[in-house]
1. Within the range 178-213, which residues have the backbone N less than 14 Å from the label spot 7 Å out from Ser22 along Cα→beta-carbon, could you tell me?
2. Anything over 21 Å Cα to Cα? Flag those among Lys127/Lys153; Lys6/Lys29; Lys55/Lys177; Lys153/Lys208; Lys153/Lys173; Lys48/Lys210, in the order listed.
3. Could you order peptides 119-130, 100-111, 175-186 by the average number of other Cβ atoms within 10 Å of their residues, highest first?
4. Sum -39500 (n - 2.57) across every DSSP H segment of at least 4 residues in the chain, then divide by the residue count to get the 222 nm mean residue ellipticity, nearest 500.
5. Could you work out the local net charge near Gly209, counting Lys and Arg as +1, Asp and Glu as -1, over the other residues with Cβ closer than 11 Å to its Cβ?
6. R0 = 35 Å: FRET efficiency of Ser238 with Asp122, Cβ-based, nearest 0.05?
7. Using alpha-carbon pairs under 8 Å, 6+ residues apart, how would you state the relative contact order of the range 101-238 in percent?
8. Using only the alpha carbons of the range 1-129, what is the convex hull's orientation-averaged projected area in square nanometres?
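Here, each number is a calculation from the coordinates, and none is a lab measurement. Values in this document were obtained by computation on a predicted structure and should not be read as measured data. With ideal geometry, Cβ positions are generated from the backbone for all residues, glycine too; neighbour counts draw on all protein chains shown.
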Amino acid sequence: MTPVIKTTELTKTYGELRAVDSISLCVEKGSLFGLLGPNGSGKTTMIKMLTGQIKPASGSCEVLGKDPVTDGISVRAAVGIIPEQETPPSFLTSSEYLAFVAKIRNIDGAEEKADWWFDYLDFADKKDVLCKDLSRGTRQKLMFAQAFLHEPKLALIDEPLINLDPVMQRTVKNFLKDYVKDGNTIFLSTHILEIAEDICSDFAILHKGKLLYTGTVSALKEKGTHLDDFFMELVERS
Ligand SMILES: Nc1ncnc2c1ncn2[C@@H]1O[C@H](COP(=O)(O)OP(=O)(O)OP(=O)(O)O)[C@@H](O)[C@H]1O
């Protein structure tokens with residue numbers, strides 16, 4: 001098995017608070033890995049460390065064999081990222097934003113690829129609309145498109161479905177399931193447990209910065225346990 005992400009006793013502190021507390025986990029190539037946890041459990045902080053946006057207080061991590069602390073630019077060039085609650089630049093249109101991302105990422109055939117995303121996520125009518133005038137859901141579609149435009153081997157995506165309607169949620173879920181079939185890896189942070197149960201192969205549960213559990217969704221299903229029951233019990237017990 002090839003780990004695409006590996007963390008060893010990874011820790012981030014804010015003053016007295018241990019936002020991420022000595023977390024060791026492995027994400028294998030080809031998995032759709034769900035990072036689950038209640039509000040404030042440390043999911044976004046994990047993603048920020050894995051993409052070199054913030055430095056760990058202690059411990060280490062590797063992403064695609066690189067250290068995000070010393071080699072953050074290479075990590076961010078390789079992976080796709082949807083940061084939590086991020087919106088595209090207000091002053092660009094949707095198509096200008098994707099063209100901008102394509103230029104930074106040196107993507108060939110960028111216009112065709114962008115058009116594919118406009119059609120796939122059903123927002124071609126918003127191509128020439130300034131991002132400041134897009135609905136929240138459409139901004140989320142655009143953030144999704146920018147993360148996958150360069151067809152990354154690994155995408156770290158923080159609550160990418162929260163503003164999408166049920167039809168679009170299904171489209172995105174199907175995309176993610178198909179994406180990992182080609183050997184790519186998704187690291188998905190969410191607290192929507194139904195989505196995680198539906199699409200994830202593996203998951204980890206964080207609570208107050210600590211890792212409570214890692215396992216596979218299929219093992220839970222074999223036991224006839226629903227992820228939300230399992231999650232509630234584990235979090236309440238801790
Ligand atoms: N820059 C910061 N300064 C101080 N505390 C912070 C900072 N960023 C995060 N925290 C704290 O770290 C903890 C973990 O936050 P984080 O955003 O990682 O949680 P989360 O699991 O992503 O939460 P949510 O599901 O609500 O998005 C929280 O207690 C939060 O208040």
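1. 209-212
2. Lys127/Lys153; Lys55/Lys177; Lys153/Lys208
3. Values: 119-130: 15.1, 100-111: 13.5, 175-186: 16.6.
So the peptides 119-130, 100-111, 175-186, ranked by packing, come out 175-186, 119-130, 100-111.
4. Details: 9 runs with 90 residues, N = 238.
My calculation for the chain gives -11000 deg cm²/dmol from helical runs alone.
5. On the way: positive: Lys12, Arg18, Lys43, Lys208, Lys210; negative: Asp21.
Taking every other residue near Gly209 into account, the sum is +4.
6. Numbers: r = 41 Å, r/R0 = 1.17.
Working from the Cβ atoms, E equals 0.30.
7. Details: 106 pairs, mean separation 22.4, N = 138.
Relative contact order of the range 101-238: 16 percent.
8. Numbers: hull surface 39.5 nm².
Reported value for the Cα convex hull: 9.9 nm².
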